[in-house]
Amino acid sequence: MTVPPPVPGQVPAPAAGAAPAAPAPPAAGYDHWTREPVVYFEVLFRGRPIGHLWASGEHPAAGFLCAPDASEEVLEAAEVWEDRLAEAYGRGESAVDAVRRWRGAPDDPRCGAVPGDARERGAPSLSALYELTEPGVPAPAGPLAQDGRFHDGTPVDRELGQGPAFSVVSATYPGSAEGPVRYLTVVRRSTVLGYVWAAEDGRSAGYVPRAAAGRAGETAAGWWRLWLSRAFQARLPALDAMRRCGSVPADETAGYIGPAAEERALPDLDALRDLARA
């Protein structure tokens, strides 16, 4: 599983009739998304590769991608790398300089190092780097707006150009369930935005916005439904698609689940909708 840090604590059990409390949000810093080419270095921890430290050469985007089957100590190492990037962001460093500065730095027992003789490599996109890090697993879709543009090239700043902001994705899992469902909580800062769910029989999945989150919960819906649609087209079972949402990086629009979030169960989809109305 490609696990982008930071990793929040487990979501605590909610009180009766209340939405679960949200974990602490990730620190502000470089974007974790770009559609442009990236440079990257392999990071070694105790002599073995644990992931890739990457950055965009053109945009303020950088991060650390963990190798699959990451242990607890490797997840902690990933947090250290993300903290280092957050500090560089706070100093005003460009994303690419924030990554390059660690080549040849002393080995750290907490997170390893980028060897001094490591060659800077390039990938045509962040999606390509995800594929290199975890072959065969579809990369997260990412937000509709990246690098100041929507996926069709339309600028986010409408004064720079006009055009359709996004296209409708139709192929996805059925949005209804007859029996028990399982779900994960989506949060942004201190707000629960909604719930990504899948039927226990693995046939259906979707996202239910939380009423109290208002427009923010509805806006996040488009992002999570797009990710589920791509997982559907990759032929992932619905339960697997839901669980892999926990490895999707934090996003200001979509929110965050996190790999440590607790998977919960309810007797049916109506019960989840009742929770979303609380």
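Here are the numbers for the structure shown:
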item: Of all residues making up the stretch 217-240, the number that are touching a strand residue (DSSP E or B) at 6+ places or on another chain (Cβ under 6 Å) and either of a type in the set (G, A, S) or over 24 Å from G179 (Cβ atoms) (or both); result: 5
item: Helices (runs of 4 or more DSSP H) contained entirely in the stretch 205-278, each with at least 2 residues that are acidic (D, E), more than 24 Å from P68 (Cα to Cα) and open to solvent by 20 Å² or more (accessible area, probe 1.4 Å); result: 269-277
item: Test: residue in the stretch 123-139 that is open to solvent by 20 Å² or more (accessible area, probe 1.4 Å), modelled with pLDDT of 85 or more and of a type in the set (A, V, I, L, M, F, W, C); result: yes
item: Enumeration of residues in the stretch 212-227 that are in contact (Cβ under 8 Å) with a residue 24 or more places away in the chain and basic (K, R); result: R225
item: Check on V196, open to solvent by 60 Å² or more (accessible area, probe 1.4 Å), of a type in the set (V, I, T) and either outside any loop (DSSP other than H, G, I, E, B) or modelled with pLDDT under 75 (or both); result: no
item: Condition broken by G202, with the remaining ones in (1) assigned to a helix (DSSP H, G or I); (2) open to solvent by less than 30 Å² (accessible area, probe 1.4 Å); (3) more than 20 Å from R277 (Cβ to Cβ) satisfied; result: (1)
item: Residue count for the stretch 48-81, restricted to those that are in a helix (DSSP H, G or I) and either surrounded by fewer than 20 Cβ atoms within 10 Å (Cβ to Cβ) or touching a Phe, Trp or Tyr at 6+ places or on another chain (Cβ under 6 Å) (or both); result: 9
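The values are calculated or read from the model by the stated rules, or taken from the named source; none is laboratory data. Being a predicted model, the structure only gives us computed values, none of them experimental. As a convention, Cβ positions derive from the backbone with ideal geometry for all residues, glycine included, and neighbour counts pool all protein chains shown. The accessibility values were calculated without ligands, DNA or RNA, using every heavy atom of the protein model including side chains. Shrake-Rupley method; radii C 1.70, N 1.55, O 1.52, S 1.80 Å.
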